[in-house]
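One structure below.
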Amino acid sequence: RSTLFPYTTLFRSDEKGLRNKYVSVSFPDCGYNEVNFLAAAGIVQGMDDGSFAPDKSITREEAAAILYRMAKFLGNKTIIQHRDAVYYNDENEISDWAVNAVKSMYEMGIMKGINDYDFSPKGKYTVEQAIATMLRLYECG
């Protein structure tokens, strides 16, 4: 989950006074305080077995969900609830738990598809995408 680096960097600066929202959470396979902080804040979630799987890549739909939860955590006033419309040709491949996040991140201009027609929800979320989307989220807050 190396694509979490841009998120954890935000919390190190504590520019938005986030440390006062911290509650202790930990994963048996991940000892990073930043990850535990993000989990305690409800921004990241572990795997079904209670692990974090720090060496596993995250998907684009997982990233959209993280970005959405982060926007809510930061008190982002520009969170846009999506319209009931079809956004992508592969929309039926987006997991039910991620649909709202994917569409809201699209509406906010934070995260778009891999082209004009496809989102690729199960596709790998790259470090470059993580940096770009995190900057967009940070700037729209």
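The values are calculated or read from the model by the stated rules, or taken from the named source; none is laboratory data. The model shown is predicted, which means the values in this text are computed figures rather than measured ones. Every residue, glycine among them, receives a Cβ derived from its backbone with ideal geometry; neighbour counts consider all protein chains shown. Ligands, DNA and RNA are excluded from the accessible area calculation, which covers all protein heavy atoms including side chains. Shrake-Rupley method; radii C 1.70, N 1.55, O 1.52, S 1.80 Å.
Every residue, every condition in (1) over 21 Å from PHE27 (Cβ atoms); (2) not in a helix (DSSP H, G or I), yes or no:
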{"position": "VAL44", "(1), (2)": "no, yes"}
{"position": "ALA53", "(1), (2)": "no, yes"}
{"position": "SER57", "(1), (2)": "no, yes"}
{"position": "ALA64", "(1), (2)": "yes, no"}
{"position": "ILE79", "(1), (2)": "yes, yes"}
{"position": "TYR88", "(1), (2)": "yes, yes"}
{"position": "ASN100", "(1), (2)": "yes, no"}
{"position": "PHE119", "(1), (2)": "yes, yes"}
{"position": "ILE131", "(1), (2)": "yes, no"}
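Could you list, in sequence order, all residues of region 85-141 that are open to solvent by 30 Å² or more (accessible area, probe 1.4 Å), basic (Lys, Arg) and within 13 Å of ARG60 (Cα to Cα)? Of everything in region 85-141, those that are open to solvent by 30 Å² or more (accessible area, probe 1.4 Å), basic (Lys, Arg) and within 13 Å of ARG60 (Cα to Cα) turn out to be LYS112, LYS122, LYS124. Filtering region 26-42 to residues that are part of a loop (DSSP other than H, G, I, E, B) and either of a type in the set (Phe, Trp, Tyr) or closer than 21 Å to ALA101 by Cα (or both) leaves TYR32, ALA41, GLY42. Inclusion of LYS72 among residues that are modelled with pLDDT of 85 or more, among the charged types (D, E, K, R) and in a helix (DSSP H, G or I) is warranted. When you scan region 45-64, do you find a residue that is at pLDDT 80 or above, under 17 Å from TYR138 (Cα atoms) and buried (at least 17 other Cβ atoms within 10 Å of the Cβ), even just one? Yes, some residue in region 45-64 is at pLDDT 80 or above, under 17 Å from TYR138 (Cα atoms) and buried (at least 17 other Cβ atoms within 10 Å of the Cβ).
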